[in-house]
Amino acid sequence: MPAHASTAPSRRAFLTGRVARPDPEFRPPWTDEARVQAHCTSCNACVEACPENIIEFDSRGRPRISFRGGECTFCTACAEACPEPVFDLTQPAPWPVTVEITGSCLNAAGIACQLCTDICDPRALRMDLSVRPVGAIQVDASACTGCGACLSTCPNNAIAITDPRQQRTSA
């Protein structure tokens, strides 16, 4: 077996679209990439203060959110613990992050599932039963807080978190 074979996607994963993609970098709430670059000293205060354990450091020693198994409760502990002006609690909303349902949703395959709607506290995810045969999940972007609670409940990883500040335009 060649050395690179372990990192290459399997044929089945490639054909079914389940190829691992790198996680996007999401900065903690009340901050953005520019503030992190300008003020973060990698002191670890925000990581240690997070009661949900969803803040970690990226490869450059900057804080990012990892929604693996947790959600952001917007408790402000990270911002209050930070000794630098990385966080801005005067912003009207913690961040513009929302979710979208991808084509790999089980409902799109005719398999009824609504685990994400059950866990969504602000009720931003709703089941639309007018879509046949089993319904479809609709996202109310104005109600979505981007907390990430729905991500870990999805059995098919069909929920993507998006940050409009990271959108790239195609050339």
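The values are calculated or read from the model by the stated rules, or taken from the named source; none is laboratory data. Computed from a predicted structure; not experimentally measured. All Cβ positions, glycine included, derive from the backbone under ideal geometry; neighbour counts span all protein chains shown. We work out accessible area using only protein heavy atoms, side chains counted, and drop any ligands, DNA or RNA first. Shrake-Rupley method; radii C 1.70, N 1.55, O 1.52, S 1.80 Å.
The set of residues from segment 34-54 being surrounded by 13 or more Cβ atoms within 10 Å (Cβ to Cβ) and aliphatic (A, V, I, L, M) comprises Val36, Ala45, Val47, Ala49, Ile54. The residue pairs whose first member lies in segment 127-140 and is on the phi > 0 side of the Ramachandran plot, whose second member is open to solvent by 50 Å² or more (accessible area, probe 1.4 Å) and outside any strand (DSSP E or B), and whose beta carbons are closer than 8 Å, counting only pairs six or more residues apart or on different chains, are Gly135/Ala112; Gly135/Gln114; Gly135/Leu129.
Set side by side, the residues Pro85, Pro164, Pro133 differ, and just one is in contact with a His (Cβ under 8 Å, 6 or more places away or on another chain) and surrounded by fewer than 13 Cβ atoms within 10 Å (Cβ to Cβ), which is Pro85. Taken over segment 56-87, the residue count meeting the criterion of being among the acidic types (Asp, Glu) and either touching a residue at least 40 places away in the same chain (Cβ under 8 Å) or at positive phi (or both) is 2.
Inside segment 64-171, counting only strands (runs of 3 or more DSSP E) that do not spill past its ends, which hold 1 or more residues that are of a type in the set (S, T, N, Q) and within 21 Å of Glu33 (Cβ to Cβ)?
Numbers: elements: 98-101, 125-128, 136-139, 159-162.
So the answer is 98-101, 159-162.
Scanning segment 88-126 for residues that are free of Cβ contacts under 8 Å to residues at least 60 places away in the same chain and of a type in the set (D, E, K, R) gives Asp88, Asp118, Asp121, Arg123, Arg126.
The condition (being open to solvent by 20 Å² or more (accessible area, probe 1.4 Å), closer than 30 Å to Cys116 by Cβ, modelled with pLDDT under 95 and touching a Lys or Arg at 6+ places or on another chain (Cβ under 9 Å)) is satisfied by just one residue among Phe57, Phe67: Phe57.
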